Amino acid sequence: MEKKNRISLTLIALAAAIILLAFITRWIYQDIKSGHLELGADQQIDITPQQILSIKEIGDWEFLSISDEEMVDTIRRGIFSDDQLVRIYYGTLRLGVNLKQVESGWITTKGDTIEITLPKIGLLDRDFIDEARTKSFYESGKWTAQDREALLHRAYQRMLQRGLTPQNIQRAEQNGNVQVRQVLQSMGFKQVNIKYKD
């Protein structure tokens, strides 16, 4: 009799466990069926302070270089003969921006758009004449260091006039837009708006 009671209790416990398992399975199935999973992409791209610092540390960012060659001469009139000095100067004017001159708030982001305000495009290096390549094309008479310095100054001014034209600044700006856009798009920004300070 006792053995029968044990078997019946075991069967009742087993049946209760099966019923409980069926309820739990049904409840989980209903929960999964009624629930849903949503996938979405976060369109916000954040630029980190380290990325901003690494852009600033570029320093001088060259957008256009202009090689120039100037022949400059001077004549000193004399009683019996004239002295003449003709020299050829070579230089490379580099146009671009100095990123160390950016102002606070120069980079702003919204979603996948970044707006960057760069300093005004200008001459990156004022010492652009390569004096090692300077040649005396013709020289007669005696000339002082001051005479040669005066010729160098004239060559410098001519190169500035020839290189810092509105057309060259516009070309530098166009090249700059392409370069800056490539860098920022490689960081994940789809829309890049670039402005230059006046």
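General remarks:
- Number of residues in the stretch 102-159 that are of a type in the set (S, T, N, Q) and closer than 30 Å to Ile88 by Cα: the value is 6.
- The stretch 129-158, subset basic (Lys, Arg) and not in a helix (DSSP H, G or I), residue most open to solvent (accessible area, probe 1.4 Å): Lys142
- Of the residues in the stretch 163-174, none is under 16 Å from Ile58 (Cβ atoms), under 13 Å from the mean Cα position of the chain (by Cα) and open to solvent by less than 80 Å² (accessible area, probe 1.4 Å).
- Among residues of the stretch 77-105, those that are in a strand (DSSP E or B) and either of a type in the set (Asp, Glu) or loosely packed, with under 14 Cβ neighbours inside 10 Å (or both), counted: 1
- Residue ID - farthest from Tyr156 (Cα to Cα), chosen from residues in the stretch 38-89 that are small (Gly, Ala, Ser) and either in contact with a helix residue (DSSP H, G or I) (Cβ under 8 Å, 6 or more places away or on another chain) or at pLDDT below 85 (or both): Gly40
- Only one of Ile129, Ile169 that is touching a residue at least 60 places away in the same chain (Cβ under 8 Å), of a type outside the set (Phe, Trp, Tyr) and either touching a Phe, Trp or Tyr at 6+ places or on another chain (Cβ under 9 Å) or within 18 Å of Ile66 (Cα to Cα) (or both): Ile169
- In this entry, Asp125 is excluded by the filter for residues that are in contact with a Gly (Cβ under 7 Å, 6 or more places away or on another chain), open to solvent by 30 Å² or more (accessible area, probe 1.4 Å) and on the phi < 0 side of the Ramachandran plot.
Okay, residues lined up against (1) farther than 17 Å from Trp61 by Cα; (2) among the charged types (D, E, K, R); (3) touching a helix residue (DSSP H, G or I) at 6+ places or on another chain (Cβ under 8 Å):
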| residue | (1), (2), (3) |
| --- | --- |
| Thr92 | no, no, no |
| Ile114 | yes, no, yes |
| Thr117 | no, no, no |
| Ile121 | no, no, yes |
| Arg158 | yes, yes, no |
| Val178 | no, no, no |
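- Count of residues meeting criterion [assigned to a strand (DSSP E or B) and either over 21 Å from Gln167 (Cα atoms) or among the polar types (S, T, N, Q) (or both)] in the stretch 106-128: 9
- A single member of Arg171, Arg162, Arg181 is among the basic types (Lys, Arg) and at pLDDT 95 or above, and it is Arg171.
- Hits in the stretch 48-93 (condition: touching an Asp or Glu at 6+ places or on another chain (Cβ under 6 Å) and of a type in the set (Phe, Trp, Tyr)): Tyr89, Tyr90
- Going through (1) part of a helix (DSSP H, G or I); (2) within 22 Å of Thr92 (Cβ to Cβ) one by one, Gln182 falls short only on (2).
The values are calculated or read from the model by the stated rules, or taken from the named source; none is laboratory data. Keep in mind the model is a prediction, meaning the values are calculated, not measured. Reconstructed Cβ throughout: ideal geometry from the backbone, glycine too, with neighbour counts over all protein chains shown. Accessible surface areas use protein heavy atoms only, side chains included; no ligands, DNA or RNA. Shrake-Rupley method; radii C 1.70, N 1.55, O 1.52, S 1.80 Å.
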